[in-house]
Amino acid sequence: MGSVGAKYRNAGRTEGGNFPRYWLLGGQVIHNTDNKHVERSKVMNPELHQSLIHNTERLRDLIRLYSTESVVGMCSVRFYHWLSDSDADIALVSPFRQLFFLLGVLLTTHEPEPAQDFGDDAWNACVQLLNDIFLSYAVMYWPTTEELPTLSEEWRNVREVAMPAFLDYFNTGLTASVEQISERILRYLVPFNAVLTHEFGISATQSHTVTHWIAERLQQGADELQQAAEASEKVRKRLLMRAQKERWSLDKLRAEAAKPKNARPFHKLFAALDKHLKITLDFLEREFGSNIAQAYWNTFVSRRGSISQFTYLTEHNPAEDKPLFETATHICLCPFANALFAAVMQVTERQLLASSSRESFLRMRDRLLEDEVDEQFRRIFRTAADFYSHVYENADLHHEHDLIIKWDRKLFVIEAKASPPVEPFRDPERAFVRIKRAFQSETGVQRAFDQANRVLHKLSREGVIRLYSVDGNLLVELHRDDIDTVYTICVTRDNFGPLSVDLSLLLEKNDADPYPWAINIFDLTYMFGGWEYLGWGPDELCKYLDVRVRLHGKIISFDEIDLAGFFVQHGGLHHLLQLKADKIQLASNYSDVFDKMYSATKGGPPFTLVVTNPVVADIKEQLARIFPDIGSH
């Protein structure tokens, strides 16, 4: 088994400047709650479950000692430092989700009196507890020493699907930039403004506008803080150099530092620190009026002590829905602007799915995804290809296809699926059954492959396929003699993680049929944006797909964009075919190359592609360090 690259994804930038593209972690909008409490103790062995509870309560007892402001501020500072410095190590196994788990636990405690400041020692203790808690969920899928001799092939196959699906769903989830989330809010949710205003007192448009205003204000505050820090540091160094050169006493140094011209930068620094991350209800009311401000505040501000219980990673985390944390009456902190955009999207989508507008929203969701897919492929093919959208194989409108593209002597058959992945059960066997059923359902990836694969088989069998418009008119005849290659593609609205990266886990097909390419629309947008920056087009897409479909069963990765990044960074995917390894673990930092190109399009430094060879390491050694008792199995 081999491993390529480094260990973390260093997320990129958004249009705002310093707010990064990152793991949204838990971005799904449907959360099944059936049998949660029953399954927890049933799935984990009693000793592991007791350890999980013990560590969670230790975390709760520890965090209850510290002020909300210092805990939220520390989480924000640590995370953004990690994102801005590729060499920084936050020491968490799943940073963003773990920080929100910490904040969710914080909400179950009350503001202490007196409150302590959350310093480095407390942070390090929390990091250890958070890692122990999160790793417990991975360990529950591993066999005990007693179970090892009795393991069957079926036991392994079930966990090969259930374990990555569970960890991806609860530890990673949706990956998107603020720009992508904003666009989704405007596309999918604004048409339901009236429904949302009735439910929340604020529309999607208004929530989106307020969130952008908050993000811009936070960015302005961050810029002011950075400028003040640089100015005060310049004064500090100048004073210290003079003090050393002129042999000042400590009293003399203090006197010079207190002079107005020297003290002014420090006063600005303290003022910037004091308002850093802060949002007040008064500010919102002055900008947007009392009704909108109050509705937004009620919907997205959380209050410490308002939550009675939060213990498990698999529970709904109130901190993710309300990522503004109240520190005093009508004053809150926003530690992660990106999370606020995500909350607007998730909370409003969940409400629509629970409302009488559910069916209308689902129909629009399907249609809008198809439109997005069409838009993205036009970025690559431009005017060089023929596009056929919403077409049928028969004049009586049977066997619909979302998008078929004819370019050169190649055919691209693309199906769009808007349903999100299901939440996995904790029990591996039940999780496997549920995941597979959803994967093979009418709205699943299997169905998308079957639809697209019909075209390949019909061309092979009949030599021609006719495509009809929605009004039954013949649009085109495609002949087998004019086509050398057929690519089947499934684009999902949400991220299916390892289940789409490695389709050999669940996809059923004939051995002679090539695997399709499955990718979510956010990754497709990000990938094609990078290729557009490089001036790439259909030739590079075909080069990617020709090797990509041969990697199923060989690659371990949670994100298609990392394979695309590998392709860009190393001049192709052929390196992966050449490795002598049963499985290749791909690192999550390969998306960095797209982050850099994205940043360049938003005013960041220009990106120049330098193709390198991949670095390979032994993943067994890494597993042994994380799980010393089971890493050798």
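The values are calculated or read from the model by the stated rules, or taken from the named source; none is laboratory data. Since this is a predicted model, take the numbers as computed values, not measurements. Don't worry about glycine lacking a Cβ; one is built from the backbone with ideal geometry, like all the others, and counts go over all protein chains shown.
Could you say which residue among 307, 331, 292 is farther than 20 Å from residue 203 by Cβ, crowded, with 18+ Cβ neighbours inside 10 Å, assigned by TED's automatic domain parsing to the domain that holds residue 49 and over 22 Å from the mean Cα position of the chain (by Cα)?
Details: 331 fails: crowded, with 18+ Cβ neighbours inside 10 Å; 292 fails: farther than 20 Å from residue 203 by Cβ.
Going through 307, 331, 292 in turn, the sole match is 307.
Quick check on segment 519-542: of everything there that is among the hydrophobic types (A, V, I, L, M, F, W, C) and either closer than 26 Å to residue 444 by Cα or within 15 Å of the chain's Cα centre (by Cα) (or both), which residue is surrounded by the fewest Cβ atoms within 10 Å (Cβ to Cβ)? Outline the logic, then answer.
Just the residues of segment 519-542 that are among the hydrophobic types (A, V, I, L, M, F, W, C), to begin with: 519, 521-522, 524, 527-528, 531, 534, 536, 541-542.
From what's left, either closer than 26 Å to residue 444 by Cα or within 15 Å of the chain's Cα centre (by Cα) (or both): 519, 521-522, 524, 527-528, 541-542.
Numbers: 519: 25, 521: 23, 522: 25, 524: 23, 527: 24, 528: 20, 541: 23, 542: 15.
Result: 542.
Note on segment 170-186: residues that are of a type in the set (A, V, I, L, M) and in a helix (DSSP H, G or I) total 4. Residue pairs whose Cβ atoms lie under 8 Å apart, sitting 6 or more positions apart in sequence or on different chains, and linking a residue in segment 175-192 that is under 23 Å from residue 96 (Cβ atoms) to a partner that is at pLDDT below 90 and aromatic (Phe, Trp, Tyr), are 175/22; 175/23; 178/19. Among the numbered conditions (1) surrounded by fewer than 14 Cβ atoms within 10 Å (Cβ to Cβ); (2) under 18 Å from residue 227 (Cα atoms); (3) in contact (Cβ under 8 Å) with a residue 12 or more places away in the chain, the only one that residue 267 does not meet is (3).
Each row is one residue, and each column tells you yes or no for (1) closer than 26 Å to residue 133 by Cβ; (2) touching a strand residue (DSSP E or B) at 6+ places or on another chain (Cβ under 7 Å).
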| site | (1), (2) |
| --- | --- |
| 296 | no, no |
| 315 | yes, no |
| 330 | no, yes |
| 333 | yes, yes |
| 343 | yes, no |
| 352 | no, no |
| 359 | no, no |
| 362 | no, no |
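Which of the residues belonging to segment 357-385 are farther than 18 Å from residue 525 by Cβ and either surrounded by fewer than 14 Cβ atoms within 10 Å (Cβ to Cβ) or of a type in the set (Gly, Ala, Ser) (or both)? Selection gives 357, 358, 359, 360, 363, 383, 384, 385.
You will find that of 469, 500, 460, the residue that is surrounded by 11 or more Cβ atoms within 10 Å (Cβ to Cβ) and farther than 25 Å from residue 417 by Cα is 460 and no other. Can you say whether residue 598 is of a type in the set (Ser, Thr, Tyr), at pLDDT below 95, in the same structural domain as residue 385 (by TED's automatic domain parsing) and part of a helix (DSSP H, G or I), as far as the supplied structure shows? Criteria met by residue 598.
Say whether the condition of being more than 22 Å from the chain's Cα centre (by Cα), on the phi < 0 side of the Ramachandran plot and among the hydroxyl-bearing types (Ser, Thr, Tyr) is met by at least one residue in segment 96-115.
To start, the set of residues in segment 96-115 that are more than 22 Å from the chain's Cα centre (by Cα) comprises 106-115.
Filter again for on the phi < 0 side of the Ramachandran plot, leaving 106-115.
Retained after the next criterion (residues that are among the hydroxyl-bearing types (Ser, Thr, Tyr)): 108-109.
Yes, some residue in segment 96-115 is more than 22 Å from the chain's Cα centre (by Cα), on the phi < 0 side of the Ramachandran plot and among the hydroxyl-bearing types (Ser, Thr, Tyr).
Within segment 353-371, work out how many residues are under 22 Å from the mean Cα position of the chain (by Cα) and within 30 Å of residue 102 (Cβ to Cβ). Of the residues in that region, 1 qualify.
Within the option set 349, 415, being buried (at least 22 other Cβ atoms within 10 Å of the Cβ) and not assigned by TED's automatic domain parsing to the domain that holds residue 205 holds for one residue only, 415.
If the condition is being small (Gly, Ala, Ser) and assigned to a helix (DSSP H, G or I), then segment 550-583 contributes 564, 565.
Can you tell which of 165, 138, 176 is closer than 23 Å to residue 556 by Cβ and touching a Pro at 6+ places or on another chain (Cβ under 9 Å)? Lay out the reasoning, then the answer.
Values: 138 fails: touching a Pro at 6+ places or on another chain (Cβ under 9 Å); 176 fails: touching a Pro at 6+ places or on another chain (Cβ under 9 Å).
Of 165, 138, 176, the one residue that is closer than 23 Å to residue 556 by Cβ and touching a Pro at 6+ places or on another chain (Cβ under 9 Å) is 165.
Residues that are over 20 Å from residue 73 (Cα atoms) and either in contact with a Pro (Cβ under 6 Å, 6 or more places away or on another chain) or among the small types (Gly, Ala, Ser) (or both) within segment 189-237 comprise 194, 201, 203, 204, 207, 231, 232, 235, listed in sequence order. Only one entry of 167, 189, 253 meets the criterion of being among the hydrophobic types (A, V, I, L, M, F, W, C), surrounded by fewer than 19 Cβ atoms within 10 Å (Cβ to Cβ) and assigned to a helix (DSSP H, G or I), and that entry is 253.
Checking the structure you have, find out if any residue of segment 514-523 is among the polar types (S, T, N, Q), under 28 Å from residue 161 (Cα atoms) and without any contact (Cβ under 8 Å) to a residue 40 or more places away in the chain. There is no residue in segment 514-523 that is among the polar types (S, T, N, Q), under 28 Å from residue 161 (Cα atoms) and without any contact (Cβ under 8 Å) to a residue 40 or more places away in the chain. Somewhere in segment 479-502, is a residue charged (D, E, K, R), at pLDDT 95 or above, within 23 Å of residue 390 (Cα to Cα) and assigned to a strand (DSSP E or B)? Among the residues of segment 479-502, not one is charged (D, E, K, R), at pLDDT 95 or above, within 23 Å of residue 390 (Cα to Cα) and assigned to a strand (DSSP E or B), which makes the answer no.
For segment 295-304, filtered to residues that are more than 13 Å from residue 105 (Cα to Cα) and out of contact with any Leu (no Cβ under 7 Å at 6 or more places or on another chain), the residue that is surrounded by the fewest Cβ atoms within 10 Å (Cβ to Cβ) is 298. Being in a helix (DSSP H, G or I), among the basic types (Lys, Arg) and in the same structural domain as residue 325 (by TED's automatic domain parsing): is that true of residue 159 here? No, not satisfied.
How many residues, within segment 421-477, are of a type in the set (Asp, Glu) and in contact with a His (Cβ under 8 Å, 6 or more places away or on another chain)?
Taking segment 421-477 as the starting set, the residues that turn out to be of a type in the set (Asp, Glu) are 423, 427, 429, 442, 450, 462, 471, 477.
Still in the running and in contact with a His (Cβ under 8 Å, 6 or more places away or on another chain): 423.
So the answer is 1.
Scanning segment 503-518 for residues that are in a loop (DSSP other than H, G, I, E, B) and either farther than 17 Å from residue 432 by Cα or touching a His at 6+ places or on another chain (Cβ under 7 Å) (or both) returns 509, 510, 511, 512, 513, 514, 515, 516. All of 172, 205, 197, 150 fail the test of being in contact (Cβ under 8 Å) with a residue 40 or more places away in the chain and either within 21 Å of residue 323 (Cα to Cα) or not assigned by TED's automatic domain parsing to the domain that holds residue 316 (or both), apart from 172.
Mind checking whether some residue in segment 283-294 is under 28 Å from residue 116 (Cβ atoms) and touching an Asp or Glu at 6+ places or on another chain (Cβ under 6 Å)? Checking segment 283-294: not a single residue is under 28 Å from residue 116 (Cβ atoms) and touching an Asp or Glu at 6+ places or on another chain (Cβ under 6 Å).
Applying the condition of being in contact with a strand residue (DSSP E or B) (Cβ under 6 Å, 6 or more places away or on another chain) and in a strand (DSSP E or B) to segment 601-630 and asking which residue is modelled with the highest pLDDT yields 616. Given the criteria touching a Phe, Trp or Tyr at 6+ places or on another chain (Cβ under 9 Å) and part of a helix (DSSP H, G or I), does residue 291 qualify? So residue 291 fails the test.
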